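J.: Before I ask anything, here is the structure I am working with.
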Amino acid sequence: MANATTRQDRFGGLHFFNPVPMMKLVEVIRTPMTSQKTFESLMDFSKAVGKSPVSCKDTPGFIVNRLLVPYMMEAVRLFERGDASKEDIDVAMKLGAGYPMGPFELLDYVGLDTSKYIIDGWHSLEPNNPLFAPSPLLNKLVEEKKLGKKTGEGFYKYK
């Protein structure tokens, strides 16, 4: 997007998290051309709206999703191999790692189609990176329109 402007020094990004009113984090994205003044303005704005900003270069997934998506995909692969049930994986990550949701609960909350779109995009950029390998199970669920909470079924069923 920065390439579409003639003022690349005044371009940067803000990545808010859902649900925005509750989530305190915002990732402040700086390109190689972002000026220090623009970067500081983005940091100040983030703080002014009550967020805790962190800085990241313009890289796929920024910080949180670059770590989170491979984590969720590894949970799916663990389940696909039959190493553990999705329920036990979710309980283990909530009780053992202190996460508020397990990876399958989070996948269903985010949307399986959204997660597939992200991992497919990253896989096309880095096809040899095993962290970005597609999942047959995720592909199957999306093909069946089982997208998570928004459709009433994903890895879990919802009423």
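J.: Post the alpha-carbon centroid distance, the range 117-159 to the range 10-55, in whole angstrom.
T.: Cα centres, the range 117-159 to the range 10-55: 28 Å.
J.: On a full-extension model of 0.36 nm per residue, what is the gain between Ile63 and Asn129, subtracting their alpha-carbon distance, rounded to one decimal in nm?
T.: Roughly 22.0 nm would be gained on extension.
J.: Treating cross-link reach as a plain straight distance, find the aspartates and glutamates whose alpha-carbon is under 13 Å from the alpha-carbon of Lys47, omitting any fewer than eight places away in the same chain.
T.: Qualifying aspartates and glutamates at Cα under 13 Å: Glu27.
J.: Turning to a different aspect of this structure: Can you compute the FRET efficiency between Arg10 and Lys149 using 1/(1 + (r/R0)^6), with r the Cβ-Cβ distance and R0 = 30 Å? Round to the nearest 0.05.
T.: 0.20
J.: Less than 24 Å apart at the alpha-carbon level, and either on another chain or at least 8 residues along: which lysines does that give for Lys157?
T.: Of all the lysines, those that pass the test against Lys157 - Cα under 24 Å, at least 8 places apart if same chain - are Lys86, Lys94, Lys116, Lys140, Lys145, Lys146, Lys149.
J.: With springs connecting C-alpha atoms under 10 Å apart, model the chain as a Gaussian network and identify which of Leu42, Leu112, Leu95 has the largest mean-square fluctuation.
T.: Leu95
J.: Using the heavy atoms of the protein chains and a 1.4 angstrom probe, tell me the accessible area per residue for the range 28-159 in square angstrom.
T.: That works out to 58 Å² per residue.
J.: For the range 148-159, just list the computed ³J(HN,Hα) in residue order, Karplus coefficients 6.51, -1.76 and 1.60, θ = phi - 60°, integers in Hz, with x standing in for Gly and Pro.
T.: x, 4, 5, 10, x, 7, x, 6, 10, 9, 10, 8
J.: So how much slack lies between Gln36 and Lys157, counting 0.36 nm per residue of separation and subtracting their Cα-Cα distance, in nm?
T.: Full-extension gain reported as 38.8 nm.
J.: Please label the shape of the range 1-117 as rounded, prolate or oblate, based on the square roots a ≥ b ≥ c of the eigenvalues of the alpha-carbon gyration tensor (a/c under 1.5 means rounded; beyond that, a/b larger than b/c means prolate, else oblate).
T.: It comes out prolate by the Cα gyration axes.
J.: Quick check: residue separation of Met22 and Ala92 times 0.36 nm, minus the Cα distance between them. What number comes out in nm?
T.: Going from the current span to full extension adds 22.7 nm.
J.: Would you calculate the separation in nanometres between label points at Asn139 and Ser55, each defined as 7 Å from the Cα along the Cα-to-beta-carbon direction?
T.: 4.1
J.: Can you list the aspartates and glutamates whose alpha carbon is less than 19 Å from that of Lys159, not counting same-chain residues fewer than 8 positions off?
T.: Within reach: Glu87, Glu105, Asp108, Glu144.
J.: Could I ask something else about it? Can you list residues whose amide H is under 5 Å from Leu25's amide H, if they're 5+ apart or on another chain and H is modeled 1.01 Å from N?
T.: Result for Leu25 returns Ser52.
J.: Which of Thr38, Pro127, Met1 sits farthest toward the positive end of the charge dipole of the chain, with +1 on the Cβ of Lys and Arg and -1 on the Cβ of Asp and Glu?
T.: It is Thr38, whose Cα lies furthest towards the positive end.
The values are calculated or read from the model by the stated rules, or taken from the named source; none is laboratory data. No experiment lies behind these values; they were computed from the predicted model shown. Quick reminder, even Gly has a Cβ in these numbers, built from the backbone with ideal geometry, and neighbours come from all protein chains shown. Protein only, heavy atoms only, side chains kept; ligands, DNA and RNA dropped before computing areas. Shrake-Rupley method; radii C 1.70, N 1.55, O 1.52, S 1.80 Å.
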